[in-house]
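First up is the structure itself, then whatever we jot down about it.
FYI, it's all coordinate maths here, none of it is from the lab. It should be emphasised that the depicted structure is a prediction, and the values quoted were computed from it without experimental measurement. Positions of Cβ are backbone-derived with ideal geometry, glycine not excepted, and every protein chain shown enters the neighbour counts.
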Amino acid sequence: MRRRVLWILGVPVALALLVVLGVLVVVPRMDLGSYAAARARAALGRDVAIESLHVSPGLQLGVELRGLRLANIEGGSQPDMMTLRHAVATVDLMSLFGGGPVVIRDLAVEGLALLLERAPGRRANWHFGDRVRPPRPSDPVTAVPAPPPERAGTPTLLEARFADSEVVFRTTSGTPLRMRLDSGAIAAPTSGEAVLLQARGAYNDLSLELDGTLGSFDALRDVATPFPMELQAASGAVRLSFQGTATDPINFDGLEGELALDAPTLEPILEMAGAEGISGPSVTLTGAFLRHTDLWRLTDAQGTLDGAPLTAALLQLIEGAVGQPNSVEATMSVTRLDLNRIAGQFAPGDAPAGQADAPLVVPAMPDPLVQARLEVGELLYAEVHARQVALRAEMVPGRIAVPEATLTAYGSRIAASGEITPLERGARIAASVAVSEGDMDTLRRAFGLHALPVSGLVDARVAVEAQGTHLNEATRRARVSAVVSMRNGRIAREVIEMASTDVRAVFRTARGMTPVGCLLAVVDIRDSRGDAVPLRIRSGEGTIGGIARFDLTRQTMDLVIGSERATTGLLALDIPVRVSGSFANPSVAPARWSGEGRAQLEAADTRIAPMPAELRQFAQQNPCIRRTTAR
């Protein structure tokens, strides 16, 4: 009887042991790849293929996977969103049956390739099924993040290692941003403790290191509380850090916190943007950062640019809707900006050493569109040394415009506006400039002129048309129309006597200055060579007029001036004088006169050179013009 009972009880035990033994022996030999792939296809709504999947039973379940392929979204740039060469994991067996999150003790991944992109309609390929509605083109961009996806079932990953992997993010314009992961690790003592992150690799072939301290896996599953994140990225000496929270950390969305950049050189950042071999200035910047859906924004930032204090009230990027470019908006202020030192490397080979030169390139469909406001306390560009610079600029399809720009240079307050439009080669510039209260002596020194016998403040209006492949080239070849006006200045008496060939000048030299009632010069410049017609000065000692030709490249001039008979004294012979030669050391001699020359000089009193209507109106307001007729 006892033997029968033992036999009856022993059979089930033996069968159970045989089953367990069978599981331990047979299951590891079974390939579960096709079964797992079918379950994944049903869950994700996409094609999934697995070359092989083996499971080793035990309280610590072993899983080995080879040859995983996950199909891309319809309309994607390539067939697969993800491929994986090899992965090995150790999973807590009991976590599969306890109703809580799965606990992965250890994970080793090799040969992971992940593509993240948006297909037509801006549907993200990392969204599966109908869980998240893709944004429509009409959706407004706001700073309010979308509700985060449910993360209650996110597994706990206590330790992970990655090698020979790559993540590619394709922007809306199709540009691939490639991140290579040579090695990486994730470690967390328990599900309730902080997660440590480390990665070493490259971004578009530029070396990159990433270290971070993240919230716990328990915190990750709590969608009601923003997830804490501390990240530090480095490429060489360049450091970028973020400290804050994310409402959707898996999609790197809903970020709010402090962003800090420390870049002794911008070379790595410029290389990321496709500009190789350019060092760029040093930059430090710290401000409040947020990223919500299509909006990236940095506000109230403080730092330095090339060692000078910098503030950035707003730096913002909005990702474009379907078929639309991204847009950038910036509002910045810097105390000093030396473009000769910073941008001199952009200049062509024949540019003077230490002088900046900007290429004239106007994209027909720029990406991004740009709206910028910039204030500079002190600016150096080419031979310009300006202060109190403020400008507003924009780049839109087929046009780069500066609607407003003001600065102080050459002792003058200057206001300007203009635009650049594309040509088949290079671009065309159209600009207007207004100069207010410019000091005559400061202006003549800026243009390399010899000391002038005229002093006072001048106003000017200038219209510029130019074209070329670089800014300095276009400047040299520009068509410039200008009107220079002075009221209530002063002129040396000897100039009036010399211009009128006053007999008294033979016996004495006139001393002192006489008031200038008005001064007017109308200038037309083409390819650095110009004419001044008319040139007229009215003073208490008489009125003189003249015509001039000059070459700014050679710095030479040919000026003929003469007096108006009705305004000079009885001893004036009214013989014109010629001033010619270099700006720095001209020669002065009586002019050879003819009836044609006298007619030309008299005509200079009444005729204004061709110019835009607004400049003509400004010239006609000057009392030195008695009557005007068009040429």
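Collect residues whose amide H, placed 1.01 Å from N in the peptide plane, falls under 5 Å from the amide H of Val102; neighbours closer than 5 in sequence don't count.
Long-range HN contacts for Val102: Thr156.
With label points built 7 Å along Cα→Cβ from the Cα atoms of Gln243 and Leu423, find their separation and express it in nm.
5.3 nm
Sort 38-51, 244-257 by packing, meaning the average of other beta carbons within 10 Å per residue, with the highest value first.
Answer by packing, highest mean first, reads 244-257, 38-51.
Assuming 0.36 nm per residue, please report the length gained on full extension of the stretch Val168 to Val361 beyond their Cα-Cα distance.
66.6 nm
Pop out the ³J(HN,Hα) list for segment 480-488 in order, Karplus 6.51 cos²θ - 1.76 cosθ + 1.60 with θ = phi - 60°, rounded to Hz; leave Gly and Pro as x.
10, 10, 9, 10, 10, 10, 9, 10, 6
Go ahead and run the numbers for FRET between Ala584 and Arg387, Cβ-Cβ distance against an R0 of 22 Å, rounding to 0.05.
0.25
Which whole-number percentage describes the relative contact order of segment 201-243, with Cα contacts under 8 Å and a sequence gap of 6 or more?
So the answer I get is 36 percent.
Compute the length gained on full extension between Ala108 and Ser77: take 0.36 nm times their separation in residues and subtract their Cα-Cα distance, giving the result in nm to one decimal.
Roughly 8.3 nm would be gained on extension.
Within a Cβ distance under 14 Å of Tyr35, other residues only, what is the Lys/Arg minus Asp/Glu net charge?
Summing Lys and Arg as +1 and Asp and Glu as -1 gives 0.
Tell me the relative contact order for segment 223-324 as a rounded percent, counting alpha carbon contacts under 8 Å between residues six or more apart.
Once divided by the residue count of segment 223-324, the mean separation gives 18 percent.
Please arrange Arg461, Arg341 by counting, for each residue, the other beta carbons lying within 10 Å of its beta carbon, fewest first.
Arg341, Arg461
Excluding Leu317 itself, what net charge comes from residues whose Cβ is under 10 Å from its Cβ, given Lys and Arg +1 and Asp and Glu -1?
My count for the surroundings of Leu317 gives -1.
If you take every residue apart from Thr286 with its C-beta less than 11 Å away from the C-beta of Thr286, what net charge results, scoring Lys and Arg +1 and Asp and Glu -1?
Result for the local shell: -3.
In nm, to one decimal, how far is the modelled label at Arg554 from the one at Ala38, with both set 7 Å along Cα→Cβ?
9.2 nm
Per 0.36 nm of contour for each residue apart, how much would the distance between Leu59 and Ala288 grow if the chain were fully extended, relative to their Cα-Cα spacing?
Here the answer is 77.7 nm.
Under 5 Å between amide H atoms, partner at least 5 residues away or on a different chain: which partners does Ser417 have, H built in plane at 1.01 Å?
Those lying under 5 Å, H to H, from Ser417 are Ser432.
Label Ala202 and Glu614 with points 7 Å out from Cα along Cα→Cβ: what is the distance between them in nm?
The modelled label-to-label distance comes out at 5.2 nm.
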